[in-house]
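The values are calculated or read from the model by the stated rules, or taken from the named source; none is laboratory data. Treat the numbers as computed from the prediction; the structure is a model and nothing was measured. Note that we place each Cβ from the backbone using ideal geometry, even for glycine, and neighbour counts take in every protein chain shown. What goes into the accessible areas is simple: the full protein's heavy atoms, side chains included, and nothing from ligands, DNA or RNA. Shrake-Rupley method; radii C 1.70, N 1.55, O 1.52, S 1.80 Å.
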Amino acid sequence: MAVFVDLNVTNCTDVKKLQSIIEMAAHLGYSAVAINHVAEFEKKKVEIVKPISIKDLFPSPPTVQGKLTPIHILTRLTIKASDPSHYNVLRSTSPVTRLYDIVAVYPTTEKLFHAACTNIDVDMICINVTEKSPFFFKRPSINSAIERGIFFELIYTPAIKDSSIRRYTISNAINLMEICKGKNVIISSGAEKPLELRGPYDVATLALLFGLSERSAKAALSTNCRAALLHGETRKTAFGVTYTVKKPQAKEDEGEAAEPAMKKAKRE
């Protein structure tokens, strides 16, 4: 049985509303959700706060529908940036970002999108779905992100609330799929209310309109989410990678090795 995950449940000050959203997610069959704290640096300088305490929110989380296990509640930070300096808070040495299970960025320009794909240490890149994308997706940037294990997130809630936004969502999603071919794509809700959530299989059907295949649509709600969480764990714990390379033998040594022992002895 597939394990479905929603990595984008909007954080809010109303604790009861947030509890209701998580209870609805468990009822719909999601095994894990991530509470998303958004820091909008494009408006003003924002101080990133510590993530919400899961124990204070739910002393005993609700049980997942059809399973005997409680829903797993995660924390997520999303940086909405309009300037490269906004990415400075995402350095590996930042003590606050390391407290979050998932770190994502919402780039608003092509330059920031390219930086997020190639250099910035994040787990996910949010794709704009509420308006026409101000830039085109380029293959080198997308391929670089895929090689680094970074995922692209599409949210479906705006598409079910407004018909004009639905066109932008489908258009931007299809443009992305033409480059990434459905690889490293995650679909989340971005829900602010319990009624905005949809069941995993309904979302997988909606994903077909985004240009994903049936297999990729299912992965966007399950295996890709787990891979993004693993990437987040690696980001928090790994400080570097060490590898060894076999040093090639010098040409002079190769020549001596190839020379017969008898001939070498006579020469000496």
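Restricting segment 93-108 to residues that are among the polar types (S, T, N, Q) and touching a helix residue (DSSP H, G or I) at 6+ places or on another chain (Cβ under 9 Å) leaves a set whose member that is most open to solvent (accessible area, probe 1.4 Å) is Ser94.
Residue pairs, Cβ under 9 Å, 6 or more apart or interchain, first in segment 200-224 and on the phi > 0 side of the Ramachandran plot, second in a helix (DSSP H, G or I). List them. So the pair list comes out as Gly211/Ile170; Gly211/Ala173; Gly211/Ile174; Gly211/Asn175; Gly211/Leu176; Gly211/Met177; Gly211/Glu178. Filtering segment 187-196 to residues that are open to solvent by less than 10 Å² (accessible area, probe 1.4 Å) and of a type outside the set (Ser, Thr, Tyr) leaves Ile187, Ala191.
Considering segment 137-186, and only residues there that are hydroxyl-bearing (Ser, Thr, Tyr) and closer than 15 Å to Phe113 by Cα, the residue that is least open to solvent (accessible area, probe 1.4 Å) turns out to be Ser141. Residues in segment 152-169 that are closer than 13 Å to Glu131 by Cβ and either charged (D, E, K, R) or free of Cβ contacts under 8 Å to residues at least 12 places away in the same chain (or both): Asp162, Ser164, Arg166, Arg167. Given the criteria closer than 23 Å to Thr69 by Cα, in contact (Cβ under 8 Å) with a residue 12 or more places away in the chain, surrounded by 16 or more Cβ atoms within 10 Å (Cβ to Cβ) and not aliphatic (A, V, I, L, M), does Asn11 qualify? No: the conditions fail for Asn11.
Kindly indicate which of Ile146, Ile102, Ile73 is in contact (Cβ under 8 Å) with a residue 40 or more places away in the chain and under 13 Å from the mean Cα position of the chain (by Cα).
After ruling out the rest, the residue left standing is Ile102.
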